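Undergrad: Pasting a structure below so you can have a look.
Read-outs throughout are calculated quantities, based only on the coordinates presented, and are distinct from any laboratory measurement. Remember, predicted model here, so these are calculated numbers, not experimental data. Glycine also receives a Cβ, built like all others from the backbone with ideal geometry; neighbour counts cover every protein chain displayed.
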Amino acid sequence: MWPFRRKKNDIDLEDVKSWSKEDTKHFFLTASDEEFHVFIETCFSVKSEGNCVDMLNLLRGLDNDGLFYGIAKATKVESQFDHSKYFAAIVALIGLSLKLYMEISIWWALFVTSLITGVLLKMIARETRRRVSAVYLKSLLEQVKTEKEKEKAS
């Protein structure tokens, strides 16, 4: 089996439409970060644009606990894939490049810098989609929570 083949999405949009609020809450509690990302990509992306109203109604059906769990999960994923953590690595990379340039040769410095920069850029590019997806779902959950609080107040 080819080790780099992508997995198919395990989440079926039609199954998600039939979830109860308890199913959704349980998913927010138990899903891995990858499953959570697949859930957002499957249910709240451009591909599922016609089903966004159904998915929003699914979120509106959650109780306060479900909303809290969803917001917490989205916040966790958002902070986990924060790119500001790479700033220290980039500064260290510049220092390493200068050290290699001054002591060994420009070719080693160029090779090491290119290799490390390529790895960092690949990680940032891969994680950007996950972070954006988590921010998007967090925003929806917060809006649903605010909507529920307004309904309670009136």
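Undergrad: Once you have the Kirkwood Rh of region 13-153 from its Cα pairs, apply Stokes-Einstein at 4 °C and 1.567 mPa s and quote D in µm²/s.
TA: The diffusion coefficient I find is 74 µm²/s.
Undergrad: What length, rounded to one decimal in nm, is gained on full extension from I90 through to S154, with 0.36 nm per residue of separation minus their alpha-carbon distance?
TA: Stretched fully, the I90-S154 segment lengthens by 17.9 nm.
Undergrad: How far is it, in nm, from the label point at S18 to the one at A31 when both lie 7 Å from their Cα along the line to the Cβ?
TA: Going from the S18 label point to the A31 one covers 1.9 nm.
Undergrad: Which whole-Hz couplings ³J(HN,Hα) result when phi for each residue of region 22-35 is put into the Karplus expression 6.51 cos²θ - 1.76 cosθ + 1.60, θ = phi - 60°, listed in order with x for Gly and Pro?
TA: 5, 5, 5, 4, 4, 4, 4, 6, 10, 6, 6, 4, 5, 5
Undergrad: Suppose the chain between R60 and Q143 were pulled fully straight at 0.36 nm per residue; how much longer would it get relative to their current alpha carbon spacing?
TA: Difference between extended and current length: 28.9 nm.
Undergrad: Scattering from the C-alpha atoms of region 65-130 alone, worked out with Debye: what is log10 I(q)/I(0) at q = 0.18, 0.29 1/Å?
TA: So the normalised log intensities work out to -0.72, -1.14.
Undergrad: How much net charge surrounds T75 when only other residues with a Cβ under 14 Å from its Cβ are counted (Lys, Arg +1; Asp, Glu -1)?
TA: So the environment of T75 carries a net charge of +2.
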